[in-house]
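To start, the structure under review is shown below, and the notes come after it.
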Amino acid sequence: MSKTKEWRALDYCEDNRGGSQAIVEQDAEQTNITKQLSEEWIIIKDSECVNVETTDTQVALSLQIGIEAALAIVLRLAIADDNQVEDILQDFKQISKTNQSNRQKTIVEKSKYVDIVTVDTDIAVHLQILIQLLLGVIATLDIL
Amino acid sequence: MSGQPPINNKVVEVLVKSVLSKNGVKADEVKRSIPEEQKKMLREMVEDLKRQVEEFQQSQKEENSE
């Protein structure tokens, strides 16, 4: 009984979108790993024409920094003691950090014409928790 | 994610109050004399951040439903 030879992208390439967009490594074991901040793994192996759309972590990250800075500004304006402000910021950081543990793994192997769309809900939740903390501090200190 | 915040607002309030009191912040020690001009800037900053977070959530939702 003869086995049907399974399809492998590295055996031949049908990508005819005019010119090669990627360097093709002639190593079947070569694996392309993309790791993002929130532990999101997308592994594409022995495949072609794979389109990946994922959460824009850059936007989320700059927003996160913006909110954290705003929290620091508000606390520094409201509280005279700088050490006190640092301790409070540390405490808030711990509260928001415990909510960050997102692990997604997407593996594409021996496939072609695949669209991957992943959404990192945790990073969105994290941003909302930060903004909730900021609003909570402003309301509690009653400074605006 | 719907309009529901991830943490209940009451919980956030208690959380914030406990962190502040743990660090010895007393309400009467808090400077309430922030100039009006600075208050205005802070309000604008907070509104701006709120809007950006909402826009980000919205773009995530749209991506998800595509």
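Residues of segment A:38-82 being among the hydroxyl-bearing types (Ser, Thr, Tyr), surrounded by 15 or more Cβ atoms within 10 Å (Cβ to Cβ) and within 13 Å of the chain's Cα centre (by Cα), which ones?
Within segment A:38-82, A:Ser38, A:Thr54, A:Thr55, A:Thr57 meet the criteria.
So that you can scan it fast, the table gives a plain yes or no per residue for (1) within 7 Å of chain A (Cβ to nearest Cβ); (2) without any contact (Cβ under 8 Å) to a residue 24 or more places away in the chain; (3) among the polar types (S, T, N, Q):
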{"position": "B:Gln4", "(1), (2), (3)": "no, yes, yes"}
{"position": "B:Ile7", "(1), (2), (3)": "yes, yes, no"}
{"position": "B:Asn23", "(1), (2), (3)": "yes, yes, yes"}
{"position": "B:Lys61", "(1), (2), (3)": "no, no, no"}
Problem - Filter pass, A:Glu40 being over 27 Å from A:Ala139 (Cα atoms), more than 10 Å from chain B (Cβ to nearest Cβ) and in contact with a Cys (Cβ under 7 Å, 6 or more places away or on another chain) - result: no
Problem - Condition met for B:Gln4 (modelled with pLDDT under 90, out of contact with any strand residue (DSSP E or B) (no Cβ under 6 Å at 6 or more places or on another chain) and either surrounded by 15 or more Cβ atoms within 10 Å (Cβ to Cβ) or not in a loop (DSSP other than H, G, I, E, B) (or both)) - result: no
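Yes/no per residue for (1) more than 7 Å from every other protein chain (Cβ to nearest Cβ); (2) under 30 Å from B:Gly24 (Cβ atoms); (3) at pLDDT below 90; (4) assigned to a loop (DSSP other than H, G, I, E, B):
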site: A:Ile73; (1), (2), (3), (4): yes, yes, no, no
site: A:Lys93; (1), (2), (3), (4): yes, yes, yes, no
site: A:Ser96; (1), (2), (3), (4): yes, yes, yes, no
site: A:Lys105; (1), (2), (3), (4): yes, no, yes, no
site: A:Val125; (1), (2), (3), (4): no, no, yes, no
site: A:Ile129; (1), (2), (3), (4): no, yes, yes, no
site: A:Gly136; (1), (2), (3), (4): no, yes, no, no
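The values are calculated or read from the model by the stated rules, or taken from the named source; none is laboratory data. These figures come from a predicted structure and were not determined experimentally. Virtual Cβ from ideal backbone geometry, glycine too; neighbours counted across all protein chains shown.
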